[in-house]
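The values are calculated or read from the model by the stated rules, or taken from the named source; none is laboratory data. Note that the coordinates shown come from a computational prediction; the quantities given were computed from them, not determined experimentally. Here the Cβ positions follow ideal geometry from the backbone for every residue, glycine too, while neighbour counts run over all protein chains shown.
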Amino acid sequence: MFGEDFFPLPEPIIQRTAARIMSLRDGGSKMSKSDLSDFTRINLNDEDDLISQKIKKAKTDSEPLPDTLDALEHRPEARNLVGIYAALTDQSEAEVLLEFSGEGFGKFKPLLSDCLINTISPIRDEMNKLLADTSELDRILIEGSIKAEAISQPIVSACKGIMGFVHSGK
């Protein structure tokens, strides 16, 4: 509109593994905090025992884990858990299948629980610490506001200049 190409177009960052984590109760539905059942999802404030319980009760089938991704094609719950494990261990789903091929979920789920607990526990602990200290939260927000203003001020000024909203200071 103002004859300038000022803002760069953002490039999406899309994870290949576990880009969309599905419900623990229905591998065809997205994991959602709005679902009525708490056992469809892992919350960041879940205690370790509850995480283990949720994974233990996660819907699966009676078949062992296959050795190829094609064999997971029509097993959405199994694929979901494999995808979560892959994301947490920085592996591909194919690598996870090679590691657990022929194994049942009785062996796989406890290891998945351990990975989730190791990932979520530090987040939960820090979150609880921050929530208990509101003055620290206020300090962080103020510090962030100052940093954001320092970054944004030159951009806002340049935009105003492009649009002709330059204040002469008189």
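Points to keep in mind about this one:
- Qualifying residue in the stretch 28-48 (condition: assigned by TED's automatic domain parsing to the domain that holds Arg124, touching a Gly at 6+ places or on another chain (Cβ under 7 Å) and of a type outside the set (D, E, K, R)): no
- Each residue in the stretch 108-132 was checked for being free of Cβ contacts under 8 Å to residues at least 24 places away in the same chain and out of contact with any helix residue (DSSP H, G or I) (no Cβ under 9 Å at 6 or more places or on another chain), and 4 of them qualify.
- Matching residues, the stretch 152-170, being assigned to a helix (DSSP H, G or I) and either surrounded by 10 or more Cβ atoms within 10 Å (Cβ to Cβ) or among the polar types (S, T, N, Q) (or both): Ser152, Gln153, Ile155, Val156, Ser157, Ala158, Cys159, Lys160, Gly161, Ile162, Met163
- Residue identified as under 23 Å from the mean Cα position of the chain (by Cα), at positive phi and of a type outside the set (A, V, I, L, M) among Asp114, Asp90, Asp46, Asp125: Asp90
- Restricting the stretch 14-49 to residues that are more than 18 Å from His74 (Cα to Cα) and among the small types (Gly, Ala, Ser) leaves a set whose member that is modelled with the lowest pLDDT is Ala19.
- Test: Gly144 is more than 28 Å from Asp48 (Cα to Cα) and in a helix (DSSP H, G or I): yes
- Residue in the stretch 114-137 that is surrounded by 13 or more Cβ atoms within 10 Å (Cβ to Cβ) and under 19 Å from Leu72 (Cβ atoms) present: yes
- Pair list, Cβ < 6 Å and 6+ apart or interchain, from the stretch 152-163 residues that are free of Cβ contacts under 8 Å to residues at least 24 places away in the same chain to residues that are among the basic types (Lys, Arg) and part of a helix (DSSP H, G or I): none
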